[in-house]
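As structure tokens, the structure follows; a few thoughts come after it.
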Amino acid sequence: MHTRGFQIWFGVWIVACGIFSFASTVSTGQSIVDSLSSAPVESESEQAERLYNEGQYSAVIELAKEIDGKLGRYSVEEKWAIRIIQCQLNVGDYESASESLDASLIRFKNSIRLRRIGSEVRRFVGDDDGSTDLLSEIETLASGNSWRYKDPANQLALGRYFLGRKADAKEVLDLFYYPVRKRYPSNPEVLRAIADLAFSKQDYALAAENYSKVLELVPGDTDAMVGLAKSFLPSDSEKVNELVNRVLAIDPSNVEILLLLVDQQVSSESYDEAIETLEKVQKVNPKLPKAWAYRAAIAHLQNLPQQEGEFRERAFAGWLGNPEVDHLIGRELSEKYRFAEGEKYQRRALVYDENFLPAKIQLAHDLLRLGQELEGWKLADEVFNEDQYSVVAYNLVTLRDELAKFKTLERGGFVVRMGAEEAEIYGDRVLELLVRAKADLCTKYDSDLETPIFVEIFPRQQDFAIRTFGLPGGSGFLGVCFGRVITMNSPAAQGVNLTSWESVLWHEFCHVVTLQKTKNKMPRWLSEGISVHEEKVADSAWGETMGTVFREMVLSESLTPVSELSGAFLRPPSPVHLQFAYYESSLVVEYLIQEFGMAGLKNVLEELALGTPINDALRRHCAPIEFIDKSFAKFALEKAEAFAPTANWDDVKSAPDATADDWKQWNQEHPNNLAGLNQEARRAIEEERWGPARDSLLKILEICPEMKSAYPLLAQCQRKLGNPAEELKILEQYALMEADSVELLLRLLEIYSADSRWGKVKSVARKMLGLNPLLPSPYRFLAMAAEQTQDDRATVESLTALARMDPLDAADVHYRLASALFRQQAMAEAKEQVIRSLEHAPRYRAAYELLLKIVAAQTEEAPPPVELVPKVIETDAVEVDAVETIKESP
């Protein structure tokens, strides 16, 4: 709430309190607590905290009443009254909480801490005016009697109050939290307050640091464990799981942890499990708005609109204007890529509270992912202006400034944004691939796209992550599709482990087709499975294929049932398991097409667009999910068993001192053992015994032709043995299954160009550009091949890109480009390029001759027989003058 009156009052409070001094005696209430520290009450206090952490709220209430009774009627310690009210709120007994509040306010009439929790109580019994009045009373009490509230508990309460009123976060830290921490470094509550503030601003590292400190002081504090688990959600799934288990071991019914599990279950499309978990939550608090909001979101995802409405209505019971309800529903829908539906819910939330920033920033994300950028960026600006400490908002507005520097390319219903330099080099290739993918995939899936489709290619991985997730991270992602918007890393952002950008873009555009066809209502496994499948259809070297690791995972029961497959993408135990989830999903699509035809698959997609759950859609057009689970498992098992069926897959023991001959003898005793043959080959290579190494590698490929790692080693052996034809044969086989090796493609280019096989040079150079178009070498080979085949168009294309890379032989590159442009009758462009060549090499005779030809062609006159270059050029200045003279000639 931003009002001038509040800002003035907050300023008066800061001036009145100055730098808070704790040298003075703390409040009477704090003194009483300190005096009880060695009395029996302290042990009862510890017992109450333990029971609270265990979720035994009824027992806490009874014990708190007993302790409060011992303190006496005139006690000024409101701690136990607050604890009673908090327990009543936790179990949804809002009426009793309201009665307790009324009684406590009579006893503790000056308590601002009671009024803070009381404002929440009033909201949940439908008394919005009463809630507002209690907050106003905090202002009145604190401004008139600031001396009463200098103890740590009240300072922290005031800090939280001011944050709720949108006060500057840094000022709250400096004026309230940090002074308390300095005076009382072992006070867990100040550390909790700092952690809560950091978490609310998406500074998860700082939040985790302070929650950890709380746990060092209070090891059994489940609230701190919950906060720490949530702080690790974006970065460390193992720690999240560990903390979840720790909390559930203390309190099996901990509501916040159960809700965290619900969120994960919804993300993995395990809706039945999520409902079971919510039932546990509702045993603790039958009225909890979050629980009913989750039920409404699940009902929406299951296409149960009547239940959705009923659950949403129950979420609003008590507090009708609670903006968190619609925000949570919308957030869950957006996490399932239902951005248009999520957008509507965020707008509903903002009707209840136009300043509810979580809904506003989520709406900004939704709009940006829907391609509605004008309003999306405007909302991001509004959030940042209201909360300049929000990490997500700051990241977005900073990214918007970077995007403004991008170059925009348009063609065929696509709007592509790239770094300006990269756009000049390979922007046309991006557009060509998208247009080709659109023609192929839209026809294949009978899909009419809503255009334009926005594609953003980021040269910095951090910018990609912020645009995609709102925060840095996501290093394992190469691209993401939201329906009409694709974001992806450029090769410059990938580092040394390159993946073909063409395969990534093809994959993501396939998502555009299937997501739009299903109105974003398809499960994760099917969406990813189709995209990986279509990669392999487009190019045999793209996508995921069966290999030794995936074979072992299928046979070792790592295969996930189709009915649970979306969950395999959620926090996999390792990067390999994530890769396997993609592969398995594509294998399911292959199975569905083989068993039920392409028509059956398309019918499933059309059914999903109507809102039909995936299992029902599969039952109508393919088979019941129970049958598919069993049948697919058999299909995958047969495929794994058919992979290198004659191989011996026994493990071998490490033998670092064994020679190639030792391994050869071992392999004679263990025929067809791939691991043993691999050891023999590698030892022979280390010993530079190329013949034996070759023989071992040939045996490996005889047993398992899909063993990718053997091909480059075998090619090396053949090269060392002086067998160029055999080397080329192996490299060509390898190229059919590998799209991500610069070394492979460069070697092929060297061989083909040496043999003047220019058609092959062009083909491989273009494939290398599909891997990394920012390397100069493929352009050099492509230009060479184009010139040799009089392909001026390809010559211009390759040399133009090469010229932008600041080549060492710039004069030659510009001259050759000018020559090609001259042959194409592009005289103005040719003249520009030849002058650039002369600027790099003023004595370049051939460039002078070409320039005169260009000038003559422009004037339609024959070139005069003049001496082109002075016989003696004494200074650089003379050289420059000569060039300028020709520039200025008509």
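Report the local net charge at GLU607: Lys and Arg +1, Asp and Glu -1, summed over other residues whose C-beta lies under 9 Å from its C-beta.
It works out to a net charge of -1.
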Which aspartates and glutamates, if any, have their Cα less than 15 Å from the Cα of LYS230, not counting same-chain residues under 8 positions apart? ASP196, ASP203, GLU209, ASP221, GLU238, GLU242, GLU256, ASP263
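Using the Cα centre as the reference, give the magnitude of the dipole from point charges on the C-beta atoms of the range 689-762 (Lys, Arg: +1; Asp, Glu: -1; all else neutral), rounded to the nearest 20 debye. Before the final figure, lay out each step's value.
Values: 11 positive and 11 negative charges, 39 e Å.
Roughly 180 debye for the range 689-762.
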Gap in Å between the Cα centre of the range 327-349 and the Cα centre of the range 527-558? 33
Might you report the magnitude of the Cβ-based charge dipole of the chain about its Cα centre, with Lys and Arg at +1 and Asp and Glu at -1, to the nearest 20 debye? 980
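Using a 1.4 Å probe on the protein heavy atoms, what percent of the accessible area of the range 491-639 belongs to carbon and sulfur?
Values: 2930 of 5720 Å².
Carbon plus sulfur share of accessible area: 51 percent.
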With every protein chain left in place, what is the accessible area per residue of the chain in square angstrom, probe 1.4 Å? 45
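Just want to confirm a number: the relative contact order over the range 403-480, from Cα pairs under 8 angstrom separated by 6+ residues, in percent. Show your work: numbers first, answer last.
On the way: 75 pairs, mean separation 21.5, N = 78.
Relative contact order for the range 403-480 comes out at 28 percent.
Mean shadow of the range 779-821, computed from the convex hull of its alpha carbons, in nm²? Numbers along the way, then the final one.
Details: hull surface 9.7 nm².
The orientation-averaged projected area of the Cα hull of the range 779-821 comes to 2.4 nm².
Is there a quick way to get the dipole size of the range 40-141? I mean about its Cα centre, with the Cβ of Lys and Arg at +1 and of Asp and Glu at -1; what is the value in debye to the nearest 20? Working shown, then result.
Numbers: 13 positive and 21 negative charges, 51 e Å.
In debye, rounded to 20, the range 40-141 gives about 240.
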Dipole of the range 653-763, positive end: most advanced residue of SER696, ASN678, LEU746 [Cβ charges, Cα centre]: LEU746
Mean separation of Cα pairs under 8 Å and 6+ residues apart, divided by the residue count of the chain: what relative contact order is that in percent? 6
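List the GluC sites (Glu not before Pro) within the range 60-150 that fall in a DSSP loop (any state other than H, G, I, E or B) and whose Cβ has at most 16 other Cβ atoms within 10 Å. Don't skip to the end; give the middle numbers.
Numbers: sites: GLU62, GLU66, GLU77, GLU78, GLU95, GLU99, GLU120, GLU137, GLU139; in loops: GLU77, GLU78.
Loop-located and lightly packed - none at all.
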Amide H partners (placed H, <5 Å) of ALA623, local residues excluded: none
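Using just the helices of the chain, give the 222 nm mean residue ellipticity in deg cm²/dmol: DSSP H runs with n ≥ 4 each add -39,500 (n - 2.57), and the total is spread over all residues, rounded to 500.
Working: 45 runs with 602 residues, N = 890.
Roughly -21500 deg cm²/dmol at 222 nm, from the helical runs in the chain.
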Label-point separation in nm, GLU626 to SER777, each point 7 Å along Cα→Cβ: 5.8
Can you give the FRET efficiency to the nearest 0.05 for ARG793 and GLU832, using r as the Cβ-Cβ distance and R₀ = 22 Å? 0.75
Once each part is reduced to its C-alpha centroid, what is the distance from the range 91-169 to the range 727-764 in angstrom? 74
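Please report the relative contact order for the range 95-177, taking Cα pairs under 8 Å with a sequence separation of at least 6, and give it as a percent rounded to a whole number. Mind showing how you got there, number by number?
On the way: 59 pairs, mean separation 19.6, N = 83.
Computed value for the range 95-177: 24 percent relative contact order.
For LYS653 and THR443, what is the calculated FRET efficiency with R₀ set at 51 Å and r taken between the beta-carbons, to the nearest 0.05?
Values: r = 54 Å, r/R0 = 1.07.
Efficiency, rounded to the nearest 0.05: 0.40.
Looking at the chain, what % of its DSSP beta bridges pair antiparallel, to the nearest 5? Write out the running numbers ahead of the final one.
Working: 8 of 19 bridges.
So the antiparallel bridges in the chain amount to around 40 percent.
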How much length, in nm to one decimal, is gained on full extension between SER763 and ARG436, taken as 0.36 nm per residue of separation minus their Cα-Cα distance? 116.0 nm
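With Cβ to Cβ distances under 11 Å as the rule, what net charge do the other residues near TYR94 carry (K, R +1; D, E -1)? Spell out each step's value before the answer.
Working: positive: ARG122, ARG123, LYS287; negative: ASP93, GLU95, GLU99, GLU120, ASP127.
Net charge in that neighbourhood comes out at -2.
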On each of the three principal axes of the Cα atoms of the range 552-652, give max minus min coordinate, whole Å, ordered largest first. 54, 31, 19
Between the range 363-407 and the range 491-518, what's the alpha-carbon centroid distance in Å? 24
Straight-line reach from LYS653: which lysines have a Cα under 25 Å away, not including same-chain ones fewer than 8 places off? LYS664, LYS699, LYS708
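Work through the residues other than GLY676 whose Cβ is under 15 Å from its Cβ and net out their charges, Lys, Arg +1 and Asp, Glu -1. Walk me through the numbers on the way to the answer.
Values: positive: LYS653, LYS664, ARG682, ARG683, LYS699; negative: ASP650, ASP651, ASP661, ASP662, GLU669, GLU680, ASP695, GLU702.
Cβ neighbours under 15 Å give a net charge of -3.
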With unit charges on the beta carbons (Lys and Arg positive, Asp and Glu negative) and the dipole taken about the Cα centre of the range 216-324, which residue among LEU278, GLY318, VAL266 sits farthest to the positive side? GLY318
Lysines near LYS444 by alpha-carbon distance under 19 Å, same-chain residues fewer than 8 away left out - which ones? LYS517, LYS519, LYS536, LYS602
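The values are calculated or read from the model by the stated rules, or taken from the named source; none is laboratory data. Remember, it's a predicted structure, so these values are computed and weren't measured experimentally. Here the Cβ is made from the backbone with ideal geometry for all residues, glycine too, and neighbour counts use every protein chain on show. The accessibility values were calculated without ligands, DNA or RNA, using every heavy atom of the protein model including side chains. Shrake-Rupley method; radii C 1.70, N 1.55, O 1.52, S 1.80 Å.
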